[in-house]
Amino acid sequence: MYIVIKRLEISASHKLKLNYKSKCENLHGHNWIIHIYLKYDKLDKNSMIYDFTDIKKSIMNKLDHKNLNNVIEQPTAENIAKFICEEIGQQCFKVRVQESEGNIAIYVR
């Protein structure tokens, strides 16, 4: 089994619709640190699971310097992680999204 991990950092804004009062209901931004984990039992014709550049382009084009509310309905760190996993596809089995120093969400397929 082969495993690769791609680390990205994106800058993006969001606001959350919550059932309680929170400052996160206001539009604000983060420098998100994202780890994307892929695995597969064989390599492609280029001896890769997935090209790192393709991972970067796919996610950066959709999320970097965007208002995440325009991309994901409720852009919590948890939902962002799931969105990224689904965008990458079958080989992606885990995504770790760090919203700030102490706040991390992980989605595992």
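The values are calculated or read from the model by the stated rules, or taken from the named source; none is laboratory data. In this text, all values refer to a predicted model and were calculated from it rather than measured experimentally. A quick note on method: Cβ atoms are made from the backbone with ideal geometry, for glycine too, and the neighbour counts reach across all protein chains shown.
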Just a yes or no: is a residue in the stretch 13-28 under 13 Å from the mean Cα position of the chain (by Cα), at pLDDT 95 or above and not acidic (Asp, Glu)? no
Lys57 surrounded by fewer than 14 Cβ atoms within 10 Å (Cβ to Cβ) and among the charged types (D, E, K, R): yes
I'd like the residue in the stretch 88-109 that is of a type outside the set (S, T, N, Q), in a strand (DSSP E or B) and without any contact (Cβ under 8 Å) to a residue 40 or more places away in the chain and, out of all such residues, is nearest to Asn31 (Cα to Cα). Ile104
Step by step: first the residues of the stretch 17-38, then only those that are surrounded by fewer than 17 Cβ atoms within 10 Å (Cβ to Cβ) and among the aliphatic types (A, V, I, L, M), then the one that is nearest to Ala81 (Cα to Cα). Which residue is that? Ile33
When you scan the stretch 16-32, do you find a residue that is closer than 30 Å to Met1 by Cα and of a type outside the set (Val, Ile, Thr), even just one? yes
